[in-house]
Each structure stands twice: as C-alpha cells, then as structure tokens.
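A short reminder: the numbers here are calculations on the coordinates, not readings from a lab. Quantities reported herein were computed from a predicted structural model and do not represent experimental measurements. Backbone-built Cβ (ideal geometry, glycine too); neighbour counts: all protein chains shown.
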Ligand code: AMP
C-alpha cells in the first residue's frame, strides 16, 4: 500500500518533509492541480467546462464554477445510488465521509478515493512529530486521547459513509501506529456505545496516570464533556480501581476483554489517591493533579471551540493548551507549527499537498454579512457589484497570492472529486512559513440568528458574548457554554441567549444579580451591528433575552443530539438552536431570565 511507505517515510524524515513541503508550496500546488486535471478532464463533471484548444489550467480558472455542496449534490447522490461511471472523478469513489455540516437535514456526503484517504493519514503523524519536537517529554509516555466513533451508514450502492475519524481509527495504520502510544485500548475507542467507551477510556487513563504525558480529544467540547463525565463517575471509577472489578454495566464484550488486561488487580492505594483528589471541592487544576506528568492538553480550541478555553485552563491548572490542526471532512487545511502559542494567537500552516487551495476574499472583519453571489470562472468573478460594507465579490486567489491580514473563504479542489468547492470556513492570513501561508481560523460564514432583515453570524454572536461575559469575570463567575435561538413565536421576535454559568472554584450556581445580567444583555445588543440596532430601534426586534441555565444542562443537550445521531467525538454545541426539543431541554435547566433594558435603543 502506497500509504504505508509514505507513512514510514514521515516517521523517519517528517520534519525534513515538512520543510520541503512548505518551501515548495507554490510548485506543489501547481503540480497537484495539473495532476488532478489531467486525470479527470474526461469526467462527466469537468468535461462540460473544458473548451477544446485551451490547456487544462486555463479551462479550470476560466470556466469551472465555484460551487457549494448543494450544487454538486445531484452528482454525489448518483454515486451514492450506484452509478459507477466517471461522474466526478476518474478513480473509483471508495467511500464517503460524513460531514457535521448538513444538507436537507442529513450529513453532507463527501466523496473519498483510496488514494486521498491514505494521503490524509499523513496529517496526524505530522502533527504528532511537531508536538514532540516542540514539547519536551512527549515521547516519554502515553497520550490519553478521548476518541470516539459513530456508526457507519451504507448508501444504496453499498458504499460506506462514516466520519473520517471513524474510518481512520479502523485502519491498520492507526492501530499499529499512533494507537500504540495512546492509553485507550483500540476496542474501547471502537465501541459504538459512547458511554461505555468513555467510561473505559477514563478508567484506563486513571490506571495509567503515571505514564500519561498528554491529554486530549479532537475538539475541546469533547474534553469538557469528558471532565463532566469524570465528575459524575469518579466514585464508581475509584471503586473499580479499588476492587479490580469492572462495573457490570460495561457489557460490550470487546471493551470487557480489553479492560481485563488493564484492570488486573485491586489497587486500593491508587483508588484512595484519586478519591482524595476528586473529593476536593474545587476542581481547579484537576488535570495536573490526576495526571502529574502531563505536558500539554491537545484539543482544537479555535473558532467556536474557543468558548471552552477558560474551562480547560481552569481544569488544566497552567498546562499549555495546544490546538493542533484545522480541517474539515473535505480536506485538511493546515497544522499548528508552534504548538505552544497561546490559544487566541494560534495560526495554522497550510499543508500544500492536501488539496489545491484557492481563497475567496471576504470582508475585512472576516464575519461580514451574507454575500449572495454566483461565481462562474474568473471572468464573472471580476464583476464585483458593490464595495459597501456588506457585499464584497472578488476573484479567488491562489496560495501564492494571499495577503497578510486579509480574510478569505477557503475553496478546495481535492483528490476525490471536489472542484472549486466552498467549504464555508473563513481564515485570516497571518504570515508565511517558508512559502506556505499561515492563518487564523475565523469562523464559518454562518448566519445563526435572523429576524427580518437582520442576519447575525456566529462571529457576531461570539464577539458580543465575549465582550459581555467580561462583566462576570471579576465576580468569579464563568460562562461555560452558550447557545441561542431566534424566538419568533411573538411579534416582534427576539433573540434569546442561553448561558450556562458556574462559580470559578466550584460547580455551584452563582448568585445572579439582575442588574448585572441585564447589563450583559445590553452589551450583547450594543455589540451587534447597524442593521440589528436599527431594527431594534424601529421595534422590529424586541429586547434580547438571556436565560441562565444550571451546570450540566448543556450536557443534556449533547445527550439529545447524540441520541439523534450526532457524533460524540465531533460534537460542537450549536451556537444556535433550530429544534424546539433542544430549546425545551435548555428551558428545563433555566434558573433565571433577564432582558435588555427597555430604554436601550
Ligand atoms: P467536519 O467536516 O464535520 O469534520 O467539520 C469540520 C469543521 O469543523 C470545519 O469546517 C470547521 O468549521 C471546524 N473546524 C475544524 N478545525 C477547526 C479548528 N482548528 N478551529 C476551529 N474550527 C475548526
């Protein structure tokens, strides 16, 4: 298998390869595009745009449209339904990756070929190498990673559709490679019952506590969730360690079997020690206490995950937070070459061999407003209609032409049949590593709240909340998670925020001072944009409402989404709720409700 050879090469020469990749970023990108086009010019999809007599790259830039998932869904559906002709790609599509992004309420299905799947497996190895190079001691122990899988789905044609991580964890390359340095036995990771999986992984992490040098999960929300699970289950975990017997409710045979070689004897002293640590009223620094050798916490903490930074810093007690990489089901974008940079300063470096990247310039603040435009090849993209604050239509630029300080939406052409595909994520270019651009993840260009003409994006919301919560910090109150929804059941409608609050040193509910909470509402509204404020002033939108929920309420929301098929390992609390059931769950945990001052606008 070509992948195995490449992976051995990475193990042996990873840092050198990284230097070469980034130094030759332009050339690699051009070669990659050429190769993709030569191989696929005859596919049903591309051939329509290729004018005879023009070279492939000219055809590509001039004629191939920039698309979203909805544009190519009919082609993907045909492949999923069993058509085997070269519809999108010359090589056979071997599987689909299920994205957390949805289309018509279902996960988007991203086509994948054997070759592109293998190529992608290089990324976690590079991430691991960089971390080991920058953080001393990481190669002297194990990683306590909380990894989870989600059931696969079969398309009518018999192709499997799964999360990328689920497929990856099943490969021999993972099992014989990185998994060997993880505490969690592979069968506990592959257990489809997330609760049994979590319990066994935590139990193993505690039993092997002296060996653990790194703790992590793919996204910070998963780690936050795991710590909450530990809060709920530490007594039972200690009892298992004390007696040497695994709880009966762990019924999955593979999990039981795996645990039998780890939980081999009673360890009362270890149980006493863990109990003593967990009994402490404040869990500040608990990670350092439980895993004294841990050198870093590795989890994505940028974008919407940044809301977990205070929580992880609190539990970590000074252990560096590392946000290792950035990507999506469609393609890996980049990795963090300076793992020890502060969470809010993290930049990722583009890996130019992962896809052909183009960058669509967007508004200066990266968030911007919805930009309704149709892009068809470069010629039409130049017809920028407006330069006002809300609409910017520009020609996409390639990797060599991005400018530091500018914001771009990522567009990828992949080794598996996506051509000029808008992923939806916005990046801010912060510099270059050799010839490869480095970027900060800004956020999906998603509008999350909308009433009348107002469209508030995830970025707008997150910025507003970040400002407002500053009022709570001096009072020792932590905002652990938030969400929102547009309540249009009454006219005029209003935006409702849900905040889960707790005291810094404990899980106790803070005493809520109405005046201060109203001030928070006011700051959020004040931070929203011109359109929001004018609609609010004109009475089209009514005063913003803030509902405070008690500790643990958002875990119930996660349970709800997991029960509906969300993946625990990629779960991101929605910054906006679309389902009434989800709103009901949060309402059940409500302990106080506050409104913006009436006189505000
Ligand atoms: P999925 O395709 O389901 O794996 O989801 C990928 C999405 O997660 C991306 O499109 C981003 O919106 C988000 N994401 C991935 N990596 C990061 C990161 N490092 N920081 C913030 N968000 C990220």
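Starting with the fewest neighbours, write out 51, 411, 426 ranked by other beta-carbon atoms found within 10 Å of each beta-carbon.
Ordered by Cβ neighbours within 10 Å, fewest first: 51, 411, 426.
According to the Cα gyration tensor, what semi-axes, each the square root of 5 times an eigenvalue, does the equivalent ellipsoid of the range 5-100 have, listed from largest to smallest in whole Å?
29, 21, 13
What ranking of 349, 531 emerges when the number of other C-beta atoms within 10 Å of each C-beta is taken as an exposure proxy, fewest first?
Ordered by Cβ neighbours within 10 Å, fewest first: 531, 349.
Can you figure out the FRET efficiency of residue 133 with residue 20, using R₀ = 22 Å and their beta-carbon distance, to the nearest 0.05?
Rounded to the nearest 0.05, the efficiency is 0.90.
Hey, could you get me the Stokes-Einstein D for the range 83-229, Kirkwood radius over alpha-carbon pairs, 25 °C and 0.890 mPa s, rounded to whole µm² s⁻¹?
For these conditions, the coefficient is 145 µm²/s.
With a cut-off of 8 Å between alpha carbons and a minimum separation of six or more residues, what is the relative contact order of the chain in percent?
Relative CO of the chain lands at 13 percent.
Using the basic label-point model (7 angstrom from Cα toward the beta carbon), what is the residue 181 to residue 9 distance in nanometres?
With each label point 7 Å from Cα toward Cβ, the separation is 2.0 nm.
At 7 Å along Cα-to-Cβ for each site, give me the label-to-label distance between residue 512 and residue 430 in nm.
If labels sit at residue 512 and residue 430, their model points lie 3.5 nm apart.
What nm distance separates the two modelled labels at residue 588 and residue 236, each placed 7 Å from Cα along Cα→Cβ?
Simple spin-label model gives 1.9 nm for this pair.
Be a star and scan the range 198-239 for residues whose amide nitrogen sits under 14 Å from the point 7 Å along the Cα-to-Cβ vector of residue 293.
Only 205-215 pass the distance filter.
Contour minus end-to-end for residue 344 and residue 467, with contour as 0.36 nm per residue of separation and end-to-end as the Cα-Cα distance?
42.8 nm
Let me know the shape class of the range 466-560, please: from the alpha-carbon gyration tensor, a ≥ b ≥ c as square roots of the eigenvalues, rounded when a/c is under 1.5, otherwise prolate if a/b is greater than b/c, or oblate.
Verdict is oblate for the range 466-560.
To the nearest µm²/s, what D does Stokes-Einstein give for the chain at 4 °C and 1.567 mPa s, using the Kirkwood radius over alpha carbon pairs as Rh?
After rounding, the answer is 51 µm²/s.
If one puts a single equal scatterer on every Cα of the range 503-601 and applies the Debye formula without solvent, what log₁₀ I(q)/I(0) results at q = 0.15, 0.17, 0.20 Å⁻¹?
Log10 I(q)/I(0), no solvent term: -0.78, -0.93, -1.09.
Over the range 429-564, what is the mean sequence separation of C-alpha contacts under 8 Å (at least six apart), divided by residue count, expressed as relative contact order in percent?
Reported relative contact order: 24 percent.
Return the whole-Å distance between the Cα centroid of the range 475-495 and the Cα centroid of the range 542-581.
Rounded to whole Å, the Cα centres lie 12 Å apart.
Take the Cβ-Cβ distance between residue 195 and residue 261 as r, set R0 to 25 Å, and report the resulting FRET efficiency rounded to the nearest 0.05.
0.70
Taking every DSSP beta bridge that has both residues in the chain, what percent is antiparallel when rounded to the nearest 5?
Percent antiparallel among DSSP bridges in the chain is about 75.
In what order do 398, 454, 77 fall by count of nearby beta-carbon atoms within 10 Å, going from fewest to most?
77, 398, 454
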